[in-house]
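The values are calculated or read from the model by the stated rules, or taken from the named source; none is laboratory data. On a predicted model such as this, the values are computed, not experimentally measured, just so you know. In this analysis, Cβ positions are derived from the backbone assuming ideal geometry, glycine residues included, and neighbour counts consider all displayed protein chains.
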Amino acid sequence: MRARRASRARRPRLSLRTALLVLAIIPSLAVAALWAVTSLQTLSDYQRQAAEEGLASRTSQPATQVLFNLQAERRLTADQLAKPGSSSDALAAQRRLTDAAIRDFQAKTASASTDNVPAELRTALQAARSSLNDLAQHRSGVDAGSADPQAEYSYYTAATTSDLELFTAFSHLDDGDVSYQSRVLVSYFWAVEMVSREDAQLARGWPTGQLPQDTYSSILLQIGAQAFVFQQEISPRLPAKEAAAAQKLIVSPGWQSKTAIEQSLQRPVTADRSGMVGLPAQAEQWRAAMDSVVPQAYALASTRSAAVRALGQQDVDSLLTKVTTTSLIGLAAVVIVVITSWRLTRSLRRRIVDLQQQAGELERTLPEMVDRLARGEQVDLEATARQIGGEPRTSGGDELDKLGQALTLASNSAVGAAVRQADQHRGFEKLLQRIARRTQLLIGLQLKTLNEMERRHEDPEVLEGLFDLDHLTARLRRYEENLVILGGGQPQRRWRKPVPLLDVLRSAQGEVQDYRRIMIDVEGNPWLSERAVGPVVHVLAELMENAATFSKPPSPVEVRAALVGRGLAVEVEDRGLGMEAAQYDAANSLMRSAPRMDVLAQADDVRLGLYVVARLAATAGLSVEFRPSAFGGTRAVVLIPGELVAQNPNAPYGYPTAVPDLPAEPLPVRSAAGEYTEEVYNEFEADFSSTDYQSPDEQQPLDHWTEPLEPVPAPRPSWGHAGPDHERTAPAEPPLPQRSRGASLAAELRTVPTNATPEEAAPTRNRSGATIGAFQRRSRAARFGEPTGEVTPFPNPTAYSNPTTEDQS
């Protein structure tokens, strides 16, 4: 049993659409085939009967005329042979009538089609035509006086017999009523033929008053045969009107005179020694009787022939009506069956498609609803359930209705489960953001404490430790911002003014552990708008750290930036091992459409940085693409749109105009006495307090791109005010301590010693990587501009720290 079930399960199954089509097509084909066979059979019968009737209507009347004229010419030929010269004129006239009838018969039978008629009819028609071929030869013998009377009688009799056989073949057609009436007509023709033969044979003996005994016996047979045919075959079967006409002929004087003469011929007679039998002297009475009876007999035969032809045509028309009606009814039945089958099949298929669309609607709507719930939108569960499952179905119904009810219940359950899952996920995201915000608050307090300690302490070793902590705290702040971004929030760091791209790159560089391997090359002096600084710094910091992590020291990480036609392009290129083509495609797909981050599902994924970059890029309108590098590593291209590129402010805060072609910014150095030779606390800091901020969608894009102005000193947002127009307050958190430029420096460090010698100003690179990073991130000496195209390298570290897995992207 199990084996049979397994065998049935392995058999290929027809699809539902194919099964429904089979159910619709097979009955339709069966009915159509039955209709086609019936219609073809009826049409074939009609074609055959129409061909037979057409041949009969074309040949019956000419054949009748040929028969009557041959009978008359036979009698006149007998008179001419019995008494030469007695009937020459009458015979010549009759021959002309016979020739006209023969020509008409030959012409109509030659053009008639015999393709669909029986073989018997074709044979009889051919015999009737062939029997007339020797007529001219026999006429020549009669005219020359050399013809034998019996031979001529036999020839004419054979010709009339061929015509009678043609009528007999017409009567054998497969049409009941017409065949019956045709047999009566054939019997009438035979009766008239018996009378005509009797007249022709008597015409041979009237001049001499005697006939050969065998001819006399033949006459007696003709008399008996015609009496039998009239009494048994014709009179009982004629219609009433024709029967009355026949009865009128029988009681006519001519027929009575004919009958009396025939009775006298039937008396017993004895042949003489020469074999001749005497005839009664009634030649004139016989001729008068025949001249009266034969025309009436011909008229009755013509009437009967016309009636048969009309009946045949009526039957053909009736058969045509039958064929048409049968075909139309059959076609209507086929159409009804096809339409009914198609409608039933389409109804079933439509109901099944509706269920399929309902399931597809559930598949499409449920993720959209989950996304709406994730965005915090309100969702009407009842309306959504009606949209997915349709109107509630009443209980009962057929199997498809029950299946739809089950699908509706399943869709409602899925919607409810999706709502509960979205609520749980949104609650977890809020919890994650709340925890991250609290950690950020502690980080802000830690930075505040570090700033205070940096102001109080001047010992280089202590400052070095403080700078290390400052650098680690900055990195920790970025990691906490990652948690906020992954939890669906946005970082709170805001800038109030446009910032030079070089400062943005250095800020991102300062948040990377192994920052000394990063080499920056900026073409020109582009600036970023204040709303793009935070996201760009974070994205570039993630990409730089990713490049430094996945490339082996001491290989450099090159960062290049330049203005392009669509905005500002920044390239981050490493010399690591790179990725496979499929990994590049996956990463670029992630950058094009940032998915909703499931923090719980991705908790063990080391590529969290990619999700952070994708989310920030989608929020800020950045375009990020990963490509293979010519060095074997990976090149990340960040395209900043033109609306996020700002123009160079025209020397704000009264700073002098930038001087071109200045050297790159030097690192902070100390003199031999331990004093710094540059102002290292000219800070370029972001204001971490909560300020009013407009999203990228609320910012007005640039109407057009213009070339940047001449380099000017970079704006330096401070921890305190940026001016009356930029004063902002934090709605949720207290503002961080405000700092003044150089306020925490010792007095001797605020100015450069005038007696410093070049040897004393030589840099000593004995700071740790974290110290230099802190200097770079925390101090920006007052400068008059940035040189175009200068590369700012950093010394190779003496020791490198291994990045943690959470740094990798």
Next item on the list: Pick out the one residue from D177, D163 that is assigned by TED's automatic domain parsing to the domain that holds F230, assigned to a helix (DSSP H, G or I), surrounded by fewer than 22 Cβ atoms within 10 Å (Cβ to Cβ) and among the acidic types (D, E).
Entry: D177
Next item on the list: At least 3 residues that are among the basic types (K, R), more than 27 Å from Q80 (Cα to Cα) and at pLDDT below 90 in each: list the helices (runs of 4 or more DSSP H) lying fully within region 202-298 that qualify.
Entry: none
Item checked: Test for L469: is it without any contact (Cβ under 8 Å) to a residue 24 or more places away in the chain, within 30 Å of L610 (Cβ to Cβ) and in contact with a helix residue (DSSP H, G or I) (Cβ under 8 Å, 6 or more places away or on another chain) -> yes
Next item on the list: Considering only region 142-152, state which residues are in contact with a helix residue (DSSP H, G or I) (Cβ under 6 Å, 6 or more places away or on another chain) and either loosely packed, with under 12 Cβ neighbours inside 10 Å or not charged (D, E, K, R) (or both).
Entry: V142, A147, P149
Check: Looking at S57, S44, which one is closer than 22 Å to A127 by Cβ, assigned by TED's automatic domain parsing to the domain that holds A169 and among the small types (G, A, S)?
Finding: S57
Notebook entry, point to check: What number of residues in region 321-351 are among the aliphatic types (A, V, I, L, M) and surrounded by 16 or more Cβ atoms within 10 Å (Cβ to Cβ)?
Noted result: 5
Next item on the list: Tally the residues that are of a type in the set (G, A, S) and either on the phi > 0 side of the Ramachandran plot or surrounded by fewer than 19 Cβ atoms within 10 Å (Cβ to Cβ) (or both), restricting the search to region 422-443.
Entry: 1
Notebook entry, point to check: Which one is modelled with the lowest pLDDT, of the residues in region 460-473 that are under 26 Å from P535 (Cβ atoms) and surrounded by 20 or more Cβ atoms within 10 Å (Cβ to Cβ)?
Noted result: H471
Notebook entry, point to check: Within region 289-306, is there a residue that is within 30 Å of T38 (Cα to Cα) and touching a helix residue (DSSP H, G or I) at 6+ places or on another chain (Cβ under 9 Å)?
Noted result: no
Notebook entry, point to check: Out of region 374-404, which residues are more than 33 Å from the chain's Cα centre (by Cα), modelled with pLDDT under 70 and assigned to a helix (DSSP H, G or I)?
Noted result: A374, L381
Item checked: Counted residues, region 157-206 - those being under 19 Å from E242 (Cβ atoms) and within 60 Å of the chain's Cα centre (by Cα) -> 2
Check: Does region 227-250 contain any residue that is under 25 Å from T208 (Cα atoms) and assigned by TED's automatic domain parsing to the domain that holds S87?
Finding: no
Margin query: Need pairs with beta-carbon distance below 6 Å; first residue of a type in the set (F, W, Y) and within region 533-546, second at pLDDT below 90 and surrounded by fewer than 24 Cβ atoms within 10 Å (Cβ to Cβ); sequence gap 6+ or separate chains.
Written below: none
Next item on the list: Could you please let me know if G567 is under 18 Å from S623 (Cβ atoms), surrounded by fewer than 22 Cβ atoms within 10 Å (Cβ to Cβ) and of a type in the set (G, A, S)?
Entry: yes
